[in-house]
Amino acid sequence: MKQRVLVLNRAWQPVNIVGMRRAINLLFQEHAQVIHADASGHRVMPLAEWLAFSEKHPDPANSIRAVRLAVLAPSVLLLTEYDRLPRREVRFSRRNVYLRDAHRCQYCGRVFEVAELTLDHVVPREKGGKTNWENIVTACSRCNAKKANRLPNLAGMVLRKLPARPKWRAFLTAFAGEEEAAPWLPFIGAPPKDRARADSPQ
Ligand SMILES: [Zn+2]
């Protein structure tokens, strides 16, 4: 099932990515409406319409139970007020660090499955290293074990790039290749991975 939902402001600009529970809350509080893609384009559906649509097109594998109803999991929400979700900062989390680093170990440079990845404190915690965007990188378990509780240079390892808080726009683009983000593409201005770079709006 889908886990994340893209949220647009009233100008149809992406302002956030929220978990499904938050998305359903926004919908039920009528702070947002669902944007649904069909053959004729994008339809905006308020809660009542989305519930009716969910009933007509049951899809248990892609639904949440809410107030004894099966609600289809939306992909994109449109806020009904401008300022409901003003933050455009990317939340610091394991999954988002992996996304920032494109699932690439920042020491050996190879791409791994999530199960083989770990988070590494560049400056070890014991030496005062913080758990934040600037000190946490994606590392494969092998590199992480090799580095242990040392600074990279003392372990004879080189960081591929200095870690930093990702920019919102670049972060959105990082989702472009993910299956659940396919319905977001018309809104995030990111080309699918198989499309030529020249097509990019940037
Ligand atoms: Zn590695």
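Residues that are in a helix (DSSP H, G or I), over 13 Å from residue 79 (Cβ atoms) and at pLDDT 90 or above within the range 21-55 comprise 24, 47, 48, 49, 50, 51, 52, 53, 54, 55, listed in sequence order. In the range 126-153, of all residues being within 16 Å of the ligand (Cβ to nearest atom) and β-branched (Val, Ile, Thr), the one that is nearest to residue 113 (Cα to Cα) corresponds to 138. Only one of the listed residues (58, 86) is more than 30 Å from residue 144 (Cβ to Cβ), in a loop (DSSP other than H, G, I, E, B) and modelled with pLDDT of 90 or more. That residue is 58. Across the range 80-95, a minimum of one residue is classified as in contact (Cβ under 8 Å) with a residue 60 or more places away in the chain and either buried (at least 19 other Cβ atoms within 10 Å of the Cβ) or within 16 Å of the ligand (Cβ to nearest atom) (or both). Of everything in the range 101-125 that is of a type in the set (A, V, I, L, M, F, W, C) and farther than 19 Å from residue 175 by Cα, the residue that is farthest from the ligand (Cβ to nearest atom) is 123.
Residues in the range 97-121 that are modelled with pLDDT under 90 and either closer than 22 Å to residue 151 by Cβ or in the same structural domain as residue 8 (by TED's automatic domain parsing) (or both): 1 in all. Could you please let me know if residue 165 is charged (D, E, K, R), more than 16 Å from the ligand (Cβ to nearest atom) and over 22 Å from the mean Cα position of the chain (by Cα)? Judged against the criteria, residue 165 is not a match.
The values are calculated or read from the model by the stated rules, or taken from the named source; none is laboratory data. As the structure is a computational prediction, the values presented were derived from the model and not from experiment. When we count neighbours, we look across all protein chains shown, and the Cβ atoms used for this are built from the backbone with ideal geometry, even at glycine.
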